[in-house]
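J.: Got a structure for you, questions after.
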Amino acid sequence: MNQEFDLLSTVEYGGCSAKIPAAVLESILINLPKINDPNILVDVDTHDDAGVYKLNDELALILTTDFFPPICSDPFEFGQIAATNSLSDVYAMGGEPFLALNIAMFPSSKIPIDVYRQILEGAASVAQKANTVIIGGHTIDDFPPKFGLAVVGRVNPDSVITNAGLRPGDHLILTKPLGTGIIVAAKRLGLVPDSAYHETLFWMKHLNDTAAQVMQQVGVRGATDITGFGLLGHALKMAKASNVGIKLKSDAIPILPVAYQVADEGCIPGAAFRNLEFVSNHLLVDPNVDYNRKMLMCDAQTSGGVLMGVKPERVEECLTLLKAAGLTYASVVGEVLPGNKIIVQ
């Protein structure tokens, strides 16, 4: 633990809350040239978690990259969280990561270089746990610091899980609690106890490998991980890609300790309001829904859980497997419907 330099002092928006607003991103991606290649199984068209390229009938590669500014104070933990988040896109598609490259921007003249070493060591510890080899990388001098990984994963072409795979009747299971953006913002202001902050860090460092394994075991075909666009933003992207509607139960959403209290005190980051604006044209909210819970559903998550569509007859099995593997917050949070709206009740 490095107690001499606080990485949170370098940023206003850290982690996945630093993403370009979803609506702005969509407006530029739509004009990119289309590539026709029968081996491309997933590309930018559905705004999925990663790209997938088929090599042969047994093997496809999952390709992704993710990086962001500091989400916590400690450099080693920042490296751990950034690496966990980068690997998550592979897991969300039911794959197994095995190769990675470091991507880093670090101001060597402004921050002790030992801080960078600790970031790299944190990432390496997570990669080792995930059976992923970091074989190189690239660093430029830039402020504030940013870090992440470019990751290569593997999956059977017939077992790829995408955000376009939801079907009406599926039940939606979320594997991790919401509130990381709100808790980190509150930490800056001294509004949360250390215990709540450390639990938040724990879940951001928790790999989504179990979710990937369980999804394959119970036959999931539609899923995504919840990051900077919040639960509602990522649910909308899934609904659009799958051509379905989604109903979410606000009181069933798992949230981190004191996250509701902090939101109730008015500590709601700007990213949550940008995410709410992104979904507003497709959103129907019951007037009885609690405002703070609605905003928690818009909270930008960093290294969040997986939202998966599970056939009704496999839901109990899925929950049992997830909870047995330590995902104690795993909950049914909604269902997939015909239509094109996001309904919150």
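J.: Check cross-link reach from residue 294 to the lysines: straight Cα distance under 19 Å, and skip same-chain residues fewer than eight apart.
T.: Once the sequence-local lysines are set aside, what remains near residue 294 is 176, 237, 247, 249, 341.
J.: Normalised by the residues of the chain, what does the relative contact order come to in percent, with Cα pairs under 8 Å and at least six apart? Let's see the in-between values first.
T.: Numbers: 817 pairs, mean separation 80.3, N = 345.
Across the chain, relative contact order equals 23 percent.
J.: Work out the length of the dipole vector of region 7-159 about its Cα centre, built from +1 on the beta-carbon of each Lys and Arg and -1 on the beta-carbon of each Asp and Glu, and round it to the nearest 20 debye. If you can, show how the numbers build up before the last one.
T.: Details: 8 positive and 19 negative charges, 67 e Å.
Charge dipole, region 7-159, about its Cα centre: 320 debye, nearest 20.
J.: As a test of the formula, what do you get for the chain when each DSSP H run with n ≥ 4 contributes -39,500 (n - 2.57) and the sum is divided by the residue count, at 222 nm and rounded to the nearest 500 deg cm²/dmol? Each step should come with its number before you reach the end.
T.: Details: 11 runs with 120 residues, N = 345.
Mean residue ellipticity at 222 nm (helix-derived): -10500 deg cm²/dmol.
J.: Search the structure for amide H atoms under 5 Å from the amide H of residue 41, placed 1.01 Å from N in the peptide plane, and list their residues when 5 or more places away or on another chain.
T.: Those lying under 5 Å, H to H, from residue 41 are 52, 53, 54.
J.: Right, next: Convert 25 °C to kelvin, take the viscosity as 0.890 mPa s, use the Kirkwood radius over C-alpha pairs of region 7-159 as Rh, and evaluate the Stokes-Einstein diffusion coefficient in µm²/s, rounded to a whole number.
T.: Working: Rh = 16.4 Å.
Rounded, D is 150 µm²/s.
J.: Compute a Gaussian network model of the chain, connecting alpha carbons closer than 10 Å, and tell me which residue from 97, 38, 75 fluctuates the most.
T.: Checking each option, the largest mean-square fluctuation is seen for 38.
J.: Sort 175, 64 so that the residue with the fewest other Cβ atoms within 10 Å of its own Cβ comes first and the one with the most comes last. Don't skip to the answer; put the middle values down first.
T.: Details: 175 30, 64 25.
Arranged by neighbour count, lowest to highest, 175, 64 become 64, 175.
J.: Further question on the same structure: Can you give the alpha-carbon Rg of region 209-249 over 2.2 N^0.38 Å, where N counts its residues?
T.: 1.26
J.: While we're on this one: Quick check on the chain: of the DSSP beta bridges with both residues there, what percent are antiparallel, nearest 5%?
T.: On the way: 40 of 54 bridges.
If I count the DSSP bridges inside the chain, around 75 percent turn out antiparallel.
J.: What number results when the radius of gyration of the chain, computed over Cα atoms, is divided by 2.2 N^0.38 Å? The partial results should precede the final answer.
T.: Details: Rg = 19.0 Å, N = 345, 2.2 N^0.38 = 20.3 Å.
Relative to the 2.2 N^0.38 Å estimate, the chain comes out at 0.94.
J.: Non-local amide H neighbours of residue 305 (under 5 Å, H modeled in plane, Pro and chain starts lacking H): which ones?
T.: 176, 226
J.: List the equivalent ellipsoid semi-axes of region 171-344 in whole Å, largest first, each obtained as the square root of 5λ for an eigenvalue λ of the Cα gyration tensor. Intermediate results must be reported in sequence, preceding the final value.
T.: Working: eigenvalues 119, 84, 30 Å².
In descending order, the three semi-axes are 24, 20, 12 Å.
J.: Taking θ = phi - 60°, what integer Hz values does the Karplus form 6.51 cos²θ - 1.76 cosθ + 1.60 yield along region 115-122, in sequence order, with x for Gly and Pro?
T.: 4, 5, 4, 5, 4, 4, 5, x
J.: Which ³J(HN,Hα) values, rounded to whole Hz and listed in residue order, are derived for region 179-194 from phi using the Karplus coefficients 6.51, -1.76 and 1.60 in 6.51 cos²θ - 1.76 cosθ + 1.60 with θ = phi - 60°, glycine and proline given as x?
T.: x, 5, x, 5, 5, 5, 4, 5, 4, 4, 9, x, 9, 10, x, 4
J.: Among 168, 157, 33, which one shows the biggest mean-square fluctuation in a GNM of the chain, springs joining Cα atoms closer than 10 Å?
T.: The residue with the greatest mean-square fluctuation here is 33.
J.: Once amide H atoms are built 1.01 Å from N in the peptide plane, which residues 5 or more positions from residue 333, or in another chain, come under 5 Å H to H?
T.: Hits under the 5 Å cutoff: 172, 173, 174.
J.: Right, something else. What are the ³J(HN,Hα) couplings of region 144-156, residue after residue, when phi is run through the Karplus curve with 6.51, -1.76, 1.60 and θ = phi - 60°? Round to Hz, x for glycine and proline.
T.: So the J values, rounded to whole Hz, are x, x, 9, 8, x, 9, 9, 10, 10, x, 10, 7, 5.
J.: What longest range of the chain stays clear of loop-exposed GluC sites (Glu not before Pro) (DSSP non-H/G/I/E/B, at most 14 other C-beta within 10 angstrom)? Intermediate values should be presented prior to the final figure.
T.: Numbers: sites that count: 4, 12, 58, 265.
Looking at the chain, 59-264 is the longest stretch - no exposed GluC sites (Glu not before Pro) with at most 14 other Cβ atoms within 10 Å.
Since every read-out is calculated from the coordinates, none of them should be taken as a lab result. All values derive from a computational prediction rather than experimental measurement. For neighbour counting, all protein chains shown are included, and Cβ atoms are generated from backbone atoms with ideal geometry for every residue, glycine included.
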